[in-house]
Amino acid sequence: MNNQITELKEKLKQLAQKHQDTMGDLDDFDEADYLEWKAEQLIAAYCVSKGWLVNGFPTEMEQLPEEELEEDYFCRERYQLYLDTLTAQHEEVAELTWCYVSSFWPDQFDNKEEYLETVRAQLESDGFYQVEF
């Protein structure tokens, strides 16, 4: 595993620890949500640095005039679709997203294979994502 992946996984685990520390208090919901967003953006930035786009998302689409894009085009759900698509395509991204999910929500999946099956099923289903590229 390359050093960049190792460093990113360590950052994700640090964010996950902060996330776990906030989960007991409803007043910290915004902080927990922010930490999730920050982790997702770390993975997305890695993908962009590799030049991995999905139908031009996100970097090519950023260069279009605002009036050509729907309002809130760069929403969190579209980033989730972006990451899920790349998770299914690239082992490196699968490693990072698995680290994220298993660190933030350790009881959600029994193993990486179950997680990847879920991601693929979501991508293949009609209507799971309320956005598209």
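Tabulated results
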quantity: Potential extension, GLU132-THR6 segment - 0.36 nm per residue separation minus Cα distance; calculated: 42.3 nm
quantity: Residue-span extension gain [ASN111 to LYS38] - 0.36 nm each, minus C-alpha spacing; calculated: 23.9 nm
quantity: Convex hull of segment 38-78 built on C-alpha atoms - directionally averaged projected area, nm²; calculated: 3.1
quantity: Kirkwood Rh (inverse of mean 1/r, distinct Cα pairs), segment 3-124, angstrom; calculated: 15.3
quantity: Rough spin-label spacing in nm, given labels placed 7 Å along Cα→Cβ, for MET23 and GLN122; calculated: 1.7
quantity: Peptide ranges 53-59, 87-93 listed from the most packed, as the mean C-beta count within 10 angstrom indicates; calculated: 87-93, 53-59
quantity: Structure-based [θ]222 nm, the chain - -39500 (n - 2.57) summed over DSSP H runs of at least 4, per residue, nearest 500; calculated: -21000 deg cm²/dmol
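No value in this document is a laboratory result; all are computed from the given coordinates. Given the structure is predicted, the values throughout are model-derived calculations rather than measurements. Glycine also receives a Cβ, built like all others from the backbone with ideal geometry; neighbour counts cover every protein chain displayed.
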